[in-house]
Structures are given as C-alpha cells and as structure tokens.
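The values are calculated or read from the model by the stated rules, or taken from the named source; none is laboratory data. Bear in mind the structure is a predicted one, so any value in this text is a computation, not a measurement. Please note: Cβ atoms are built from the backbone with ideal geometry, for glycine as well, and neighbour counts cover all protein chains shown. Each accessible area value is taken on the protein alone, full model and side chains, heavy atoms only, with ligands, DNA and RNA left out. Shrake-Rupley method; radii C 1.70, N 1.55, O 1.52, S 1.80 Å.
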Amino acid sequence: MALIEPFDDMDALHPIDLVESIATQHAWEFDRLGDNQIAMAVEGQWRTYAVTLAWSECDETLRLICTYDAEPPTARMPQFYEMLNAVNDQCWAGAFTWWPEQKLVVYRYGLVLAGEQSVGPDQVDTMIGTAVAACEKYYPAFQLVTWGEQTPAEALQVAMTEAYGRA
C-alpha cells in the first residue's frame, strides 16, 4: 500500500486527520466517529474488515483494531483458543484476540508516539496494511479449525507467508 500524495506539514496534522486522508486516497468507506476516532471498511480477498483507529492524547498512542465476525461452535472453542495462541506466536507486530460478546476476531496494534512524536502517512498505511494482511493470512486457518475440524497445527499449514496468484 503506497501512498500517492505526500503530506507537507506533518507536525500540524492530527493522526486521525491523516488516517482520514489515507482512507480517502484508497477510496475506503469510512465514518469519522469523533475528533479522535475513525472507522472504515477495508476489502480483503476473504471478506471486508472493519478497521478502527483511535488516538489517545493521554497515552500518546494510535490504536488500531481490525475485526471480522465469527461464530465458532461451542464444542470447537478449545481448539479456537489454541489457534489464537499459535497465530500470536507467529505475529511480530500486533496480536489477535476473541471478543465473545460481539462474536469478533480482533487484531490489535498500538503505535506509541511518546514525547509528542508525529506519525507519518507511510506508518499509518503500513499499520492498516499489516492488520489486513494478518487477517487475510490467518482467516483460512481459523476457518479450518472452526468448521473443518482440523487441529491448529494442521490449519496453520495453509497460512502462507505471502500468497502469489490464485488457485
């Protein structure tokens, strides 16, 4: 995900304004939920992901949450949780979790900008791209554990480093 338009005055740009500009450039549907939060829909190969970024002044952190709905059968929850742990062992940035009340698989990442640092468009674009890529990479594996009744070790075999072409 490369950005087309450079930003001139990075210090004056609020992180969520920057995210909004990037969402506009990519033609993603988005909703500015407030001064410090934006939600958008990012289309992947497997599904559309809900991506929310929020800026916390007190923490000086830009938090990204990328979600998709899932309804694992109760009988498969132990394997599902085992899969979450196995996937997180492979993730260098960010982590997956499960929100049972909302029935969402969640990928989370926080970019700490302590000391009044600013965030650049390439950083934000990479954050979003990495989140969607992680969800895309592990989505088939989660499906195989949940519905294909495979073990997490078997299901992880389909999570390739990078996919080239289509089957």
*Taking the Cα-to-Cβ direction at A70 and at R32 and moving 7 Å from each Cα, how far apart do the two end points lie in nm?*
3.4 nm
_Hz values of 3J(HN,Hα) by residue in segment 64-72 - Karplus curve (6.51, -1.76, 1.60), Gly and Pro given as x_ = 10, 10, 10, 10, 8, 7, 8, 9, x
_0 to 90° range, to nearest 10: angle between helix 77-90 axis and the chain longest Cα axis_ = 50 degrees
*Roughly what angle does helix 15-26 make with the longest principal axis of the chain, taking Cα atoms, 0 to 90 degrees, to the nearest 10?*
70 degrees
_Please compute the per residue accessible area over segment 88-158 with all protein chains in place, 1.4 Å probe, rounded to a whole number of Å²._
52 Å²
*In segment 69-167, what GluC sites (Glu not before Pro) fall in a loop by DSSP, with at most 12 other Cβ atoms inside 10 Å?*
E101, E116, E162
_Considering only protein heavy atoms and a probe of 1.4 Å, how much of the accessible area of segment 50-167 is carbon and sulfur, as a whole percent?_
51 percent
_Size of electric dipole in the chain: Cβ of Lys, Arg +1 and of Asp, Glu -1, about Cα centre, debye, nearest 20_ = 840 debye
